[in-house]
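The values are calculated or read from the model by the stated rules, or taken from the named source; none is laboratory data. Source: prediction; values computed, not measured. Counting neighbours? That spans all protein chains shown, and the Cβs are built from the backbone with ideal geometry, glycine included. Note: accessible area is taken over every heavy atom of the protein model, side chains too, but ligands, DNA and RNA are not part of it. Shrake-Rupley method; radii C 1.70, N 1.55, O 1.52, S 1.80 Å.
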Amino acid sequence: MTRTSKEKPTLGGTRIKTRKRNIIAALDPAAFADAVVQIYLDHAGDLELIAKSIEASDLNFSRYGDTFFEVVFIGGRTQPGTTTLDEGGHHSYSVLNCDAKHESILPSVLYIQKILRRKPFLIKNLENVMRRFLQSLELFEENERKKLAIFTALAFSQKLSGLPPETVFQPLLKDNLVAKGLVLTFITDFFREYLIGNNIDDLVSLLKRGKVEDKLLDFFPSARRSAEGFSEHFTKEGLMALVEYHEKKVFQVKLEEMKSALTTLMAEEADLSEVIEIAKQHVKDAKLPDIDILRILWDAIMESVQWSGKNQQQNANSALRQIEKWAKLLNTFCTGRKLELELMYKVQVQCYEDAKLLKLFPKVVQSLYEQDVLTEDTILLWFRKGTNPKGRQNFVKDLETFVHWLEEAEEED
């Protein structure tokens, strides 16, 4: 057989091609854990010196990050699926060996912060370990759970680099942990510690980022899961700022539910009597204050108006028609001069803030008078001694003609 010039001779006949492959060393987390433990022991728990040694070491933290945080929290490497130390080395300077006090645990938080600044990739490993611990709260002793709660609160207070709140709060919503009351105890310790150095607005912001602001009752066992149960528990624990925040939030939810129900009924052109009964039922169930009820009613009526762009006359006609239509609804709840005056202030502010209503104030007041929602005395009181400054100067001038007519009628009577 003739070989062409392009063919090259080979030794031993046919060339055998082999695929290159990476040779990976076997994983050895036990040796890594022992090395980190030894650093702790060498420096007798001095976290400043330990941090420096870890920074200078050539240990493979990118591979064994989870193991590193096990050593930090527990004192050594844990057996799979447990919080029990394995047979390797361990130290007594871990987070869970500290006293369950702010001043004892804070140094560990600052130490981890320092490590994360040098090795930011470890934040994912911290997330992994914290998520695993929080999902397994029942494996810890009561005092250890308290230490974890204090550590977690301090981690957020110190703005531990990149730790997302979802990592902490979402794992706590496991049904079995909630049912046993472990989550409620943990979150109570967390709130108490966090509110030492932060205000309630900071906590609310944290809860929002953790996507649990609207799920606070989910931390309670089902038998205690109520607004009353929430207030009773946290009042007993001395966390009144949290109680007041939650009561205000529950109150706002009830107002919005009532407003939504009434707005829907009005849009569907339900009978006046039906709307009044639904409103009364909401008031009874939610125990809402009279002033807030009146404001909600007015908002619902105004939202039922079919607004027509910039056509002022059409807007005026539409608004006045709705006021006339639902006047008896207002009358049902607007009882007494104080509530009438509050309704006038509500109308005043809305007409001032909404460009569509800016020129309608005198017509709205006159309509409410004609429908017996506002009395002559209330209108005169507002005109002479009203205290809300929003647009007052212009509105008083706009209302002069109507007020003069009322005064003349009063003199004739």
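Structure above, values below:
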{"item": "Among (1) open to solvent by 10 Å² or more (accessible area, probe 1.4 Å); (2) in contact with a helix residue (DSSP H, G or I) (Cβ under 9 Å, 6 or more places away or on another chain); (3) not acidic (Asp, Glu) - the single one ILE323 does not satisfy", "result": "(1)"}
{"item": "All helices (runs of 4 or more DSSP H) inside the stretch 319-413 with 3 or more residues being touching a Phe, Trp or Tyr at 6+ places or on another chain (Cβ under 9 Å) and closer than 18 Å to ASP290 by Cβ", "result": "337-353"}
{"item": "Out of SER260, SER231, sole residue that is assigned to a helix (DSSP H, G or I), surrounded by 14 or more Cβ atoms within 10 Å (Cβ to Cβ) and among the polar types (S, T, N, Q)", "result": "SER231"}
{"item": "Qualifying position, being under 26 Å from GLN252 (Cβ atoms), in contact with a helix residue (DSSP H, G or I) (Cβ under 6 Å, 6 or more places away or on another chain) and modelled with pLDDT under 95, among THR332, THR387", "result": "THR332"}
{"item": "Filtered residues of the stretch 67-116 (kept if acidic (Asp, Glu), touching a Ser or Thr at 6+ places or on another chain (Cβ under 7 Å) and modelled with pLDDT of 90 or more)", "result": "GLU70"}
{"item": "Residue count, the stretch 361-387 (criterion: under 25 Å from TRP307 (Cβ atoms) and open to solvent by 40 Å² or more (accessible area, probe 1.4 Å))", "result": "5"}
{"item": "Within the stretch 150-177, considering residues that are open to solvent by less than 60 Å² (accessible area, probe 1.4 Å) and part of a loop (DSSP other than H, G, I, E, B), the one modelled with the highest pLDDT", "result": "PRO164"}
{"item": "Boolean, TYR352 is among the aromatic types (Phe, Trp, Tyr), touching a residue at least 40 places away in the same chain (Cβ under 8 Å) and open to solvent by 50 Å² or more (accessible area, probe 1.4 Å)", "result": "yes"}
{"item": "Residue check for ASP175: among the charged types (D, E, K, R), without any contact (Cβ under 8 Å) to a residue 12 or more places away in the chain and under 22 Å from ARG132 (Cα atoms)", "result": "yes"}
{"item": "The stretch 84-106: number of residues that are in a loop (DSSP other than H, G, I, E, B) and open to solvent by 30 Å² or more (accessible area, probe 1.4 Å)", "result": "5"}
{"item": "Close pairs from the stretch 64-78: first under 10 Å from PRO29 (Cα atoms), partner open to solvent by 10 Å² or more (accessible area, probe 1.4 Å) and not in a helix (DSSP H, G or I), Cβ under 6 Å, at least 6 apart", "result": "THR67/ARG77; ARG77/ASP86; ARG77/GLY88"}
{"item": "Residue pairs meeting the criteria (Cβ under 7 Å; at least 6 apart or on separate chains; first open to solvent by less than 20 Å² (accessible area, probe 1.4 Å), in the stretch 107-136; second among the small types (Gly, Ala, Ser))", "result": "VAL109/ALA155; TYR111/ALA51; GLN113/SER161; ILE115/ALA51; LEU116/SER161; LEU122/GLY65"}
{"item": "Close pairs (8 angstrom Cβ cut-off, 6 or more residues apart or separate chains): hydroxyl-bearing (Ser, Thr, Tyr) in the stretch 219-247, open to solvent by 20 Å² or more (accessible area, probe 1.4 Å) anywhere", "result": "SER222/ALA179; SER226/LEU217; SER231/GLU247; TYR245/ILE200"}
{"item": "Exclusive hit being without any contact (Cβ under 8 Å) to a residue 40 or more places away in the chain and over 22 Å from LEU173 (Cα atoms), set VAL253, VAL275", "result": "VAL253"}
{"item": "Among residues of the stretch 289-311, those that are over 19 Å from THR264 (Cβ atoms) and open to solvent by 80 Å² or more (accessible area, probe 1.4 Å), counted", "result": "2"}
{"item": "Flag if LEU358 is among the aliphatic types (A, V, I, L, M) and either closer than 24 Å to ILE301 by Cα or open to solvent by 70 Å² or more (accessible area, probe 1.4 Å) (or both)", "result": "yes"}
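Yes/no per residue for (1) of a type in the set (Lys, Arg); (2) farther than 26 Å from VAL109 by Cα; (3) in a helix (DSSP H, G or I):
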site	(1), (2), (3)
ARG192	yes, no, yes
GLU213	no, no, no
LEU217	no, yes, yes
GLU274	no, yes, yes
